[in-house]
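Chemist: If you scroll down you'll find the structure; I have some questions about it.
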Amino acid sequence: MTPTPLPPGRPVTSAERWRFLWLAVARPAITVVALIVLYYYLPVDKKLDVWGTLFLVAGLSLVVAMIVWQVRLIALSPYPALQGVQALAIIVPLFLLVFANVYYIMEHDLPGSFTKHLTRTDALYFVVTVFSTVGFGDITAATQVARVLVTIQMVADLLVLGVVLRVIVSAVQLRRQDPDAMRAATQRQITMLSRLRRRRNR
């Protein structure tokens with residue numbers, strides 16, 4: 001049975017606001033944990049062949065698709081700032097884990113690609129230091145292939161930090177400037193929560 005629509009302009013209650021906030025925190029946290037678990041436990045073919053290249057391309061394509069999807073969610077969300085935080089909390093870890101996995105495969109297929117043997121944790125540590133531009137120097141690319149791949153990551157880092165961040169922030173700002181759409185999005189969220197509540201109480 002479809003629930004009766006709530007009156008337009010009805011204010012969001014404190015409980016509903018906290019529920020929105022909980023979902024905004026829980027969903028990206030669960031997604032990040034799931035991605036990290038997959039990164040550590042998903043068996044991979046330790047060969048940097050055509051499949052390794054396809055994995056990198058597919059992973060980056062998934063990141064782009066996630067950006068488009070998250071921008072759309074921001075445009076429909078009653079809390080665009082929270083949705084923007086969710087977007088970054090999902091996109092950035094996914095982006096880093098794609099490169100970390102490729103570095104891990106490279107070191108096992110082409111030993112000596114880096115100045116030390118990489119475990120999965122080492123590869124993740126290295127990709128984060130490159131992304132944050134810290135560069136401790138304890139792990140560096142040692143071969144031409146590895147340096148090309150790290151250069152690709154550095155360019156992609158600039159795109160994520162510059163273009164992607166700007167796109168998400170702009171989407172949030174545009175969403176906040178449309179009060180009618182904000183009210184409509186809030187109404188959709190309230191109706192959805194009411195429907196879930198009714199199903200649970202059956």
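Chemist: Report the full-extension gain for the segment THR140 to ARG19: residue separation times 0.36 nm, less the Cα-Cα distance, to one decimal in nm.
Modeler: Full extension of this stretch gives 39.1 nm more.
Chemist: Label VAL167 and LYS47 with points 7 Å out from Cα along Cα→Cβ: what is the distance between them in nm?
Modeler: Computed distance between label sites VAL167 and LYS47 equals 3.4 nm.
Chemist: Output the peptides 156-166, 102-112 sorted from most to least packed, where packing is the average of other Cβ atoms within 10 Å over each peptide's residues.
Modeler: Packing order, densest peptide first, comes out as 102-112, 156-166.
Computed from the coordinates by the stated procedures, all read-outs in this text should not be read as laboratory data. Predicted model only: the values in this text are computed from it and were never measured. No Cβ is skipped: glycine too gets one built from the backbone with ideal geometry, and neighbour counts run over all protein chains shown.
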